Each structure stands twice: as structure tokens, then as C-alpha cells.
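The values are calculated or read from the model by the stated rules, or taken from the named source; none is laboratory data. Treat the numbers as computed from the prediction; the structure is a model and nothing was measured. Note that we place each Cβ from the backbone using ideal geometry, even for glycine, and neighbour counts take in every protein chain shown. Note: accessible area is taken over every heavy atom of the protein model, side chains too, but ligands, DNA and RNA are not part of it. Shrake-Rupley method; radii C 1.70, N 1.55, O 1.52, S 1.80 Å.
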Amino acid sequence: MRVNDLKDLLGKECVLVESGRGMVVRCLRFYDDDALLWAEFEVAHPTVFVMNRVRLNGEPAIKSWDDNPKRIGDAVKIGQPRNQIFRSPKPYLHFSSPYGGTRLFFLNEYVDKVRRKDADGWDWEDLMKVASR
């Protein structure tokens, strides 16, 4: 993956999910150095959610919601080697790592779901269905 492959995402909001925690961020820039491709974001909304990473007995995909208005504008930075960054389908970007990595969903429906704390449709199959449109 190269910086030029990601230019269309600049300035857009997305749902960032890492280690089962998610939030809405705005994409500020991509850049690379000798080893890694970096992405910088700012928190765009106070809501943070936690996913049920292991679901038992019909538990919902979203475990809990929380708000922290002080986080708006906070910087978020991620980086991985270029060969560990995948973009497919187009609005889905994955900074892969041995621990799972960071997933970025540039899906307006899901940005809106976080803003409304809508817990429906967060199963992986649902996310991928919307991302493949």
C-alpha cells in the first residue's frame, strides 16, 4: 500500500476499531518513512464503544457505549509496514498486525450508527456487506 492509494480518504470520517474498542475519527494525513506507512486522525465524536469480542448466549456485538467529550480533537496515530495494510473492499482499510490490527470503516452508515449509539448490524458479516456496496 502507498500513500497515493489512500488520498481519497483524507478529510473523511470513519469508525476506527482496535482491540474491540471503536470511535469516530477524521482522517488527517497519511505518510511513510523508511519502514512504515502512517495514518493520523483526530477524534471527531465523543462516543466510544466496546465490542463483545467473544459472544456467548446471543450477546449483542456491542457490549457498551460511553461518552467523553474531552476526547474530541485528540490525536490518534497508527502505523504498519506497507505490506501489512490492506484496502478491500474500497471503504475498508486494515492496518494488520499479529494481534489483529486496526480496522477503519469509511462507511457513512456506521459513522452515523456510532453517533446515534445504534447497536444493530455490527456483526462482521453485516459490516462487510455494507463495505462491499
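Within the stretch 11-30, the set of residues being closer than 13 Å to residue 77 by Cα and of a type in the set (Lys, Arg) comprises 26, 29. Residue 133 - would you say it is open to solvent by 90 Å² or more (accessible area, probe 1.4 Å) and either at pLDDT below 90 or of a type in the set (Gly, Ala, Ser) (or both)? Answer is yes for this residue.
Screening the stretch 79-97 for residues that are over 11 Å from the mean Cα position of the chain (by Cα) and assigned to a strand (DSSP E or B) and picking the one that is nearest to residue 25 (Cα to Cα) gives 79.
Taking the stretch 1-19 as the search range and keeping residues that are part of a helix (DSSP H, G or I) and free of Cβ contacts under 8 Å to residues at least 40 places away in the same chain, which one is farthest from residue 50 (Cα to Cα)? Break it down into steps so the answer makes sense when it comes.
Here is the first cut: in the stretch 1-19, the ones part of a helix (DSSP H, G or I) are 3-9.
Then drop every residue that is not free of Cβ contacts under 8 Å to residues at least 40 places away in the same chain, which leaves 3-4, 7-8.
Numbers: 3: 30, 4: 32, 7: 29, 8: 28 Å.
Applying the filter and picking the extreme gives 4.
Got a sec? Which of 100, 58, 22 is closer than 24 Å to residue 130 by Cα, assigned to a loop (DSSP other than H, G, I, E, B) and in contact (Cβ under 8 Å) with a residue 60 or more places away in the chain? Exactly one of 100, 58, 22 is closer than 24 Å to residue 130 by Cα, assigned to a loop (DSSP other than H, G, I, E, B) and in contact (Cβ under 8 Å) with a residue 60 or more places away in the chain, namely 100. Checking 70, 12 one by one, the residue that is under 16 Å from residue 104 (Cα atoms) and of a type in the set (Lys, Arg) is 12 and no other. Residues that are part of a helix (DSSP H, G or I) and open to solvent by less than 70 Å² (accessible area, probe 1.4 Å) within the stretch 115-130 comprise 126, 127, 128, 130, listed in sequence order. Against the criterion of being open to solvent by less than 90 Å² (accessible area, probe 1.4 Å) and within 22 Å of residue 53 (Cβ to Cβ), residue 112 does not qualify.
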